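Enquirer: The structure that follows is given in the form of structure tokens.
The values are calculated or read from the model by the stated rules, or taken from the named source; none is laboratory data. Keep in mind it's a predicted model, so treat the numbers as computed, not measured. Positions of Cβ are generated from backbone atoms using ideal geometry, with glycine treated the same way; all protein chains shown enter the neighbour counts. All accessible areas refer to the heavy atoms of the entire protein, side chains included, with ligands and DNA or RNA removed. Shrake-Rupley method; radii C 1.70, N 1.55, O 1.52, S 1.80 Å.
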Amino acid sequence: MESFQSIPSGQEAEYFIYDENLNMASSTRKMLPTKRRLSPLLHDESKDDGFFDESTPKKSRQNSPSEGRQLFSFPKIFQDSVHGPISLDPVLVAIIDTPQFQRLRDIKQLGVGYWVFPGACHNRFEHCIGTSYLCGEMLTTLRHLHQDVYKDPIDITDKDILCVKIAGLCHDLGHGPFSHLFDGPFFKRCKNFDQENKWTHEQGSCDLFDYMIEKNQRVRKVLQENGIGEFETDLIKAMIRGENKEIKTNYRDQSLQKQFLFEIVSNKATGIDCDKFDYFARDTHHAGIRNSFDFNRYFKNVRILPVKNDEGKEELRICARDKEESNLYELFHIRWTLHRQVYQHKTTQIVEEFLVQAMLLSDEKFGISTSVKNMEEYTLMTDSIFYRILCLNDEDDDIKKAQEFLRRIQKRDLYRFCGEINPKIVENEENEFSSSQKILSEEEVANEIAAFDDDVSEDEIFVSQSVFNFGKKDKNPLIEMNYFGKNGKLKKRQLTELSSSLPRNFEESYIRVFCKAPEKIVKIRKAFYRWCKNNGYVTSSDSE
């Protein structure tokens with residue numbers, strides 16, 4: 001944010017005027033009045049607007065009323081690495097300028113992926129800003145299409161658009177250190193993990209959103225000025241969680257649920273939402289992978305139509321033009337590609353394992369897992385935990401072990417890769433392939449491989465399992481989407497109607513085997529290949 005310094009009265013200066021009709025800022029030169037702008041560093045934000053009159057005594061200048069802030073209540077421009085210059089409402093800027101949101105600058109979007117992909121240095125901070133922008137663009141485009149193109153107006157209010165933007169901005173507030181590592185591998189193996197009431201980052205986002213409103217007077221004020229009350233904050237949290245909240249409107253003489261509001265930020269029904277639009281574009285950009293999905297095209301080929309839900313009741317939902325099938329397929333295909341090449345990269349999995357081990361060993365000392373119950377502590381729980389553990393001067397054995405894991409990450413002293421297999425594909429003696437339904441645990445795999453060499457122990461073998469799919473497990477995600485034809489009428493696509501060139505299998509799993517003991521890498525690799533041959537598993541001859 002810019003810091004405005006005081007300028008002598010009567011001095012000519014350049015400043016910006018925001019023109020709502022042109023949706024842009026234009027500069028002009030004018031003699032400044034006798035009111036001058038104070039640096040934000042010189043006053044209490046909660047009490048002072050940053051302006052004072054020449055006649056105001058110096059002692060009372062920091063207690064001036066907060067009326068002047070509205071002079072700078074126009075949108076602010078952010079330069080984004082993916083979307084270019086984007087405009088954000090003052091309400092969003094007020095939320096961004098809080099400690100609860102700024103913590104996202106220190107949480108990597110791809111978690112430990114940065115240790116494998118040097119370009120993946122982006123954080124949750126910019127992803128949330130990008131998601132908020134896309135949410136606003138999508139709902140604004142829908143309103144324009146229905147009013148000016150389809151001539152079929154839908155009740156989409158300015159407040160609806162603002163709530164969707166806020167939900168998009170705050171949807172990842174609750175991420176912990178290293179993003180999904182925290183509420184995934186770490187929490188699942190943590191002794192404080194509640195199996196019945198599983199904590200998720202969505203819940204953390206809602207908790208931190210409430211805490212942010214409670215602790216920031218400026219946020220409370222700007223929300224109140226824009227009509228965001230208790231109902232709207234509950235609506236925003238429902239959008240973040242991907243849940244439903246009753247909010248109806250009259251459409252074609254019917255009272256229908258505005259379900260489309262819950263399909264923009266986090267769409268649990270189809271998996272097509274602005275959260276994915278942004279992080280697919282952002283992650284591919286920073287990881288150096290081509291993204292073939294065009295969300296701008298999608299925005300221009302959607303409309304809202306009444307669709308029956310599982311209970312047989314009609315509700316207003318987002319539908320895509322039937323010709324968007326191939327574009328939507330690219331969306332789900334890029335998801336598979338990112339998981340296969342980036343999110344679950346073999347080296348990423350080992351760095352993740354080392355970091356999880358370090359966090360588990362130091363959990364009691366730093367209160368990592370219990371911080372989710374205290375938002376003041378959780379505000380400070382970020383990726384910085386890596387160096388907080390390393391910097392701790394403690395003789396505790398667990399802390400020393402944790403520090404050793406982190407130093408091994410820094411020195412790239414990782415487990416060695418032996419190979420991987422798809423356990424569902426087996427080859428018989430006639431070189432014919434068939435599918436296998438055998439399910440193996442990681443412990444079983446390590447024990448069976450170790451049995452092929454008396455000098456190898458299962459403790460020297462690390463096994464991980466990876467699952468790659470298109471977002472709906474083994475189902476075709478395109479079937480879940482609602483479509484409409486050129487005539488604007490709803491049509492449900494059947495599997496037989498989809499392009500025959502599309503895949504028919506949408507999920508695959510892999511078992512990866514690593515060597516913990518460098519001196520036994522050759523023996524473990526040989527044992528692994530003997531185990532594969534004995535069970536008919538197909539593996540690549542490339543063993544790094």
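Enquirer: Give the residues of segment 203-238 that are under 19 Å from Ile161 (Cα atoms) and small (Gly, Ala, Ser), sorted by residue number.
Expert: Matches in segment 203-238: Gly227, Gly229, Ala238.
Enquirer: Just checking, how many residues over segment 96-113 are hydrophobic (A, V, I, L, M, F, W, C), open to solvent by less than 10 Å² (accessible area, probe 1.4 Å) and not in a helix (DSSP H, G or I)?
Expert: Let us first name the residues in segment 96-113 that are hydrophobic (A, V, I, L, M, F, W, C), namely 96, 101, 104, 107, 110, 112.
Filter once more, so that each one left must be open to solvent by less than 10 Å² (accessible area, probe 1.4 Å): 96, 101, 104, 107, 112.
If we keep only those that are not in a helix (DSSP H, G or I) as well, we get 107.
Going through segment 96-113 one residue at a time, the tally reaches 1.
Enquirer: Pro423 passes all but one of (1) over 24 Å from Val116 (Cβ atoms); (2) crowded, with 17+ Cβ neighbours inside 10 Å; (3) modelled with pLDDT of 95 or more; which number fails?
Expert: (3)
Enquirer: Answer yes or no as to whether Asp160 is open to solvent by less than 50 Å² (accessible area, probe 1.4 Å), among the acidic types (Asp, Glu) and at pLDDT 95 or above.
Expert: Yes, satisfied.
Enquirer: Could you please tell me which pairs satisfy a Cβ distance under 6 Å, a separation of 6+ or placement on different chains, a first residue in segment 457-483 that is open to solvent by 50 Å² or more (accessible area, probe 1.4 Å), and a second residue that is of a type in the set (Gly, Ala, Ser)?
Expert: These pairs meet every condition: Glu458/Ala446; Glu458/Ala450; Val467/Ser509.
Enquirer: Further question on the same structure: Could you please let me know if Thr337 is assigned to a loop (DSSP other than H, G, I, E, B), under 18 Å from the mean Cα position of the chain (by Cα) and touching a residue at least 40 places away in the same chain (Cβ under 8 Å)?
Expert: No, not satisfied.
Enquirer: On the given criteria, is Leu380 modelled with pLDDT of 95 or more, over 24 Å from the mean Cα position of the chain (by Cα), over 27 Å from Ala281 (Cα atoms) and not in a helix (DSSP H, G or I)?
Expert: no
Enquirer: How many of the residues in segment 378-412 are among the acidic types (Asp, Glu) and either open to solvent by 90 Å² or more (accessible area, probe 1.4 Å) or assigned by the TED database to the domain that holds Arg189 (or both)?
Expert: 2
Enquirer: Okay, moving on. Consider Lys365 carefully, then state whether it is of a type in the set (Lys, Arg), open to solvent by 50 Å² or more (accessible area, probe 1.4 Å) and over 16 Å from His201 (Cβ atoms).
Expert: Yes.
Enquirer: A follow-up question, please. Could you count how many residues in segment 346-355 are within 20 Å of the chain's Cα centre (by Cα) and either open to solvent by 50 Å² or more (accessible area, probe 1.4 Å) or within 24 Å of Asp207 (Cα to Cα) (or both)?
Expert: 1
Enquirer: Something else now. Of all residues in segment 109-125, count the ones that are touching a residue at least 40 places away in the same chain (Cβ under 8 Å) and either in contact with a Pro (Cβ under 9 Å, 6 or more places away or on another chain) or of a type in the set (S, T, N, Q) (or both).
Expert: So the answer is 2.
Enquirer: Same structure, new question: Do we find that Arg282 is more than 26 Å from Glu507 (Cβ to Cβ) and modelled with pLDDT of 95 or more in this structure? If you could, list the steps in order and put the result at the bottom.
Expert: Details: more than 26 Å from Glu507 (Cβ to Cβ): no; modelled with pLDDT of 95 or more: yes.
Against the criterion (more than 26 Å from Glu507 (Cβ to Cβ) and modelled with pLDDT of 95 or more), Arg282 does not qualify.
Enquirer: Here's another thing I want to ask about it. Across segment 183-208, what is the number of residues that are over 19 Å from Phe101 (Cα atoms), surrounded by 21 or more Cβ atoms within 10 Å (Cβ to Cβ) and free of Cβ contacts under 8 Å to residues at least 40 places away in the same chain?
Expert: 0
Enquirer: Please state which of the following conditions Cys121 fails to meet, knowing it meets all the rest: (1) surrounded by fewer than 18 Cβ atoms within 10 Å (Cβ to Cβ); (2) touching a Ser or Thr at 6+ places or on another chain (Cβ under 6 Å).
Expert: Looking at each condition in turn, Cys121 falls short on (2).
Enquirer: Looking at the structure I just gave you, is Asn327 assigned to a loop (DSSP other than H, G, I, E, B), over 30 Å from Leu414 (Cβ atoms) and open to solvent by 10 Å² or more (accessible area, probe 1.4 Å)?
Expert: Judged against the criteria, Asn327 is not a match.
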